[in-house]
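Since the structure comes first, as structure tokens, the remarks are kept for the end.
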Amino acid sequence: MNDRYFTMRAHFFEREENGECTFKLKELEERWFCSVKNVKRILKQFEELGRLTYIPGAGRGNLSRVRFTNTFQKEVEEFMKECMDHDQLDQAAQLLRLPIPKSWIANVSSEIRKMFGYQTGAESKDILHAFISRDITTLDPLKVSISFESHLIEYLGDTLVKYDPVNDQILPHIAHHFSTEDGKKWTFHLRKGIYFHHHEQLTSKDIAYTVERMKNSAESSHQWLAEDIQSVECPSPSKVIFSLKKENPFFLRYIASPNFCILPANQPFDESEWIGTGPFLLKERSDNKMVFEAFDRYFLERPLLDELHFYKVSQDAAHIVDFTLQHPPTQEVMSKHEIETGFRFLMCNLRRKTVIRHPSMRKALYHLMDIKQMAMDLKLEPFIEASSFVNSRSTPQVKDPQTIQSLLKEAGYCGEPITLYHMYYQKAFGVADWFKRKGEEYGINFELYPFTFNDFYLREIDEKADLIFMGEVSSLDPHLSFLGAFYNDTLLFRRMFPSSSLKWIDRKLEIFKQEEADQREEIMVEIEEHIRENNLLIFQHHPIKTRTFHPMIKDVTFHSFGHFDFSKLWIPR
């Protein structure tokens, strides 16, 4: 009942005057997912509870009226206090999913953090509560292409080997030993006593099944990781032999990818009942909440936290009450960590027959994207101007807005609409609005369209978008991530670069895979130069995020994709 009541109040809030509002019963029918008859019954129940007065519309088609007993803000704060007094975390998160004014959340943010950030739960469990402000897309290793979801599957599953970013080498993991004689046949000896979350023991057949699933799934975005595997033999439960079509020095890096985590052969993959061998198991998953529980039979060190709870809330709530404190109290010593989170860019869709295909149009967009001015106008977080995938290769770019008009003329641009897509969150709206206003100064007509990560997986966006604001974040293995950026056909590079450029890049990447690290860096520079010279995308910046943690949260270290390592966090009693 509280859920329905607050959903109604949030919906009516903007048009509420002096505690009163007129409405159509159909509005509540759609939001409460019930019949008009039940809407009337529920309103009467609220009236009996003293929360409102309901005045039905006189006659068919006339508006009904409701008069609330208390202000919405008072009810929100009282309800949150009640939730805090009784540790009703789910109910509090439910309220925080609604579009409630920021100031109201801020008023109780410190109290909310006491519930959500760090606490000892029932049965002496150490539980970390975190917020997410969007739907989780997919956790299928074959499909996942969003950094946060990619990071999550690293806790649910394990790979045969692991990449060591400190020494740039591959280490044993599920396999305790591996060897090759000619680079085409690889033998892996598996650890004994590794268990899946459904308590079945891992064997070589599970490795073969995982490879087969990777190679043959029609929906896989990561088939390229298995394309060189010709066959898999299982001479014993603890031994597996890979035969490759050709020698590939990147093979070990491929199978160290989180997307190549081993799944059980005797259990069809089900996202809602994710079964792997990882340090956490999926205990609960719904549209609005996800719970990871430490796996007590994990073959390596057990996580120090017992559970991770992820609650879906509104973007405002996630920003204000996240346990990575935005405005920490000054009296406590906080733990601060700065991380770079990839790079942001404006993608040019060169598969559509539009003015964007003209080199002069893209050059005009390059000069229009004045990242220093944008940062000043929008008061962006600290950043490094980008001209590369990584900040170590990035340098400031020269922009000359005086050339924009002549370039537009060369391109034959006559003010036709240019569809500009951007992510559906507050900062992305700000950047898109800023770019639209800058375009208007030169007669460029941008039409803005927000999209979600779920939309990103759909190919309809390819047919409609001329430009897309997007970002790319590297895993722990930057060279494998560079390959993945161009080989993963879910990502925009493969979807929107012209075929001529992709063919040239593919040839370079074949050489890339055969070279040592220094030569690979040189090839990456060549590819980035090709992208810049042709303005296939417009580089923006490398965001630098400062995360501040409560002093009770210990051993904060960062893992892949710019996210911190949940398996290392702990909370002292």
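Taking every C-alpha pair closer than 8 Å and separated by at least 6 residues, the mean separation divided by the residue count of the stretch 339-544 gives a relative contact order of 40 percent. Restricting the stretch 227-265 to trypsin sites (Lys or Arg not before Pro) that sit in a DSSP loop and have at most 15 other Cβ atoms within 10 Å of their own Cβ leaves Lys245, Lys246. Sort the stretch 210-268 into rounded, prolate or oblate with this rule: let a ≥ b ≥ c be the square roots of the eigenvalues of the Cα gyration tensor; rounded if a/c is under 1.5, and if a/c is not under 1.5, prolate when a/b is larger than b/c, oblate otherwise. Since a/c reaches 1.5 but b/c is at least a/b, the shape of the stretch 210-268 is classed as oblate.
Suppose only helical runs count, i.e. DSSP H with n ≥ 4. What mean residue ellipticity at 222 nm does that imply for the chain under -39500 (n - 2.57) per run, divided by all residues and rounded to the nearest 500 deg cm²/dmol?
Working: 21 runs with 203 residues, N = 573.
About -10500 deg cm²/dmol.
Of all DSSP beta bridges confined to the stretch 334-478, the antiparallel ones make up roughly 45%.
Quick one: Thr210, Thr159, fewest Cβ neighbours within 10 Å first, how do they rank? Mind showing how you got there, number by number?
Working: Thr210 25, Thr159 22.
Ordered from fewest to most neighbouring Cβ atoms within 10 Å, Thr210, Thr159 come out as Thr159, Thr210.
Evaluated with a Cβ-only charge set (Lys, Arg +1; Asp, Glu -1), the chain carries a dipole of roughly 1200 debye about its Cα centre, given to the nearest 20. Distance from the Cα centroid of the stretch 40-92 to that of the stretch 141-177 is 48 Å (rounded to whole angstrom). Under 17 Å from a label point set 7 Å out along the Cα-to-Cβ vector of Tyr457, the amide N atoms of the stretch 481-500 belong to 488-492. Sequence-ordered 3J(HN,Hα) estimates for the stretch 412-428 from the Karplus curve with 6.51, -1.76 and 1.60 and θ = phi - 60° stand at x, 6, 10, x, 5, x, 10, 7, 10, 9, 8, 5, 8, 8, 4, 5, 5 Hz, glycine and proline given as x. With θ taken as phi - 60° and the Karplus curve 6.51 cos²θ - 1.76 cosθ + 1.60 applied, the whole-hertz 3J(HN,Hα) list for the stretch 161-173 is 9, 10, 8, 9, x, 5, 10, 6, 8, 9, 10, x, 9 Hz, x standing for glycine and proline. Taking amide H atoms as placed 1.01 Å from N in the peptide plane, the amide H of Ile194 lies under 5 Å from those of Leu202, each 5 or more residues away in sequence or on another chain. Remark on Asp126: its backbone amide H falls under 5 Å from those of Gly121, Asp306, Glu307, a criterion applied only to residues 5 or more positions apart or on other chains, H modelled at 1.01 Å from N.
Each Cα pair under 8 Å and six or more residues apart adds its separation to the average, and for the stretch 1-69 the resulting relative contact order is 32 percent. Between the amide H of Lys239 and those of Leu190, Ser204, distances stay under 5 Å, these residues lying 5 or more places away or on another chain, with hydrogens modeled in the peptide plane.
Here Cα extents along the principal axes in Å was calculated from the structure, and among [x] 83, 68, 53; [y] 81, 65, 50; [z] 74, 71, 43 it sits at label [x]. Counting only DSSP beta bridges whose two residues both lie in the chain, roughly 80 percent are antiparallel.
When ranked by the protection proxy of mean other Cβ atoms within 10 Å per residue, highest first, what sequence do the peptides 144-150, 428-434 form?
On the way: 144-150: 19.6, 428-434: 16.6.
Answer by packing, highest mean first, reads 144-150, 428-434.
When the inverse distances between all different Cα atoms of the stretch 1-69 are averaged and flipped, the Kirkwood radius reads 12.0 angstrom. In sequence order, the stretch 229-240 has phi-based couplings of 7, 8, 7, 10, 10, 10, x, 7, x, 10, 9, 9 Hz under the Karplus curve 6.51 cos²θ - 1.76 cosθ + 1.60, θ = phi - 60°, and Gly or Pro positions carry x.
With a cut-off of 14 Å between beta carbons, the residues surrounding Phe469 carry a summed charge of -1, where Lys and Arg count +1 and Asp and Glu -1. For the stretch 235-273 and the stretch 354-416, compute the distance between their C-alpha centroids and round to whole Å. Measuring centre to centre over Cα atoms gives 42 Å. Looking at the stretch 267-312, the GluC sites (Glu not before Pro) that sit in a DSSP loop and have at most 12 other Cβ atoms within 10 Å of their own Cβ are Glu301.
Any read-out appearing in this document is the output of simple, stated calculations on the displayed coordinates, not a laboratory observation. Quantities reported herein were computed from a predicted structural model and do not represent experimental measurements. Every residue, glycine among them, receives a Cβ derived from its backbone with ideal geometry; neighbour counts consider all protein chains shown.
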